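Readers should treat all values here as calculations from the given coordinates under stated rules, not as data from a laboratory. Computed from a prediction, not measured in an experiment: that's the story for all the values here. FYI the Cβ positions are ideal-geometry reconstructions off the backbone, even for glycines, and counts take in every protein chain you see.
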Amino acid sequence: MKTFGILKEILLTEKSNLLLSEGQRYSFVVDAAANKTQIARAVEVAFGVGVVSVNVVNCCGKAKRVRSKARNRFTVVGKKKKAIVSLAEGDKIDVM
């Protein structure tokens, strides 16, 4: 998998801001097929920082009904994979 396609966006929520203020932990939405080592390498290349650890959370989506003339179908929306990345001491990412 290409390094530049793994990171999709930085999460800026209340919980991610709390993790950031407690320690050097940043939250990202990542590609669903990426593993921990690929995520760590992508963060190191993109931001030039050292990564200590990566925690991954798979968020399952909800089934929503899609109506059509032929039949009623369901599709899954909101499915994503999040990564919480801990940086080395002294490194930081400028989010704003």
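Please give me, ordered by residue number, the GluC sites (Glu not before Pro) of the chain that lie in loop per DSSP and have at most 12 other Cβ atoms within 10 Å.
On the way: sites: 9, 14, 22, 44, 89; in loops: 89.
Those satisfying the criteria are 89.
If Rh is defined by the Kirkwood formula over all Cα pairs and Rg also comes from Cα, what ratio Rg/Rh do you get for the chain? Could you put the intermediate results ahead of the total?
Details: Rg = 16.3 Å, Rh = 14.7 Å.
Radius of gyration relative to Kirkwood radius: 1.11.
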Charge-dipole axis of the chain as Lys and Arg at +1 and Asp and Glu at -1 on Cβ define it, positive-most pick from 66, 85, 35: 66
Which longest run of the chain has no exposed loop site in it, a site being trypsin sites (Lys or Arg not before Pro) in a DSSP loop with at most 14 other beta carbons within 10 Å, and the site itself not part of the run? 3-68
With axes computed from alpha carbons, what is the tilt in degrees of helix 36-47 against the longest principal axis of the chain, rounded to the nearest 10 within 0 to 90? 60
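Would you mind working out the magnitude of the charge dipole of the stretch 3-87 relative to its Cα centre, with +1 at each Lys and Arg C-beta and -1 at each Asp and Glu C-beta, to the nearest 20 Debye?
Numbers: 16 positive and 5 negative charges, 203 e Å.
Charge dipole of the stretch 3-87: 980 debye, to the nearest 20.
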Selection from 55, 16, 76 lying farthest towards where the dipole of the stretch 3-87 points positive, charges on Cβ: 76
Relative contact order of the stretch 3-87, defined on C-alpha pairs under 8 angstrom at six or more residues apart (%): 33
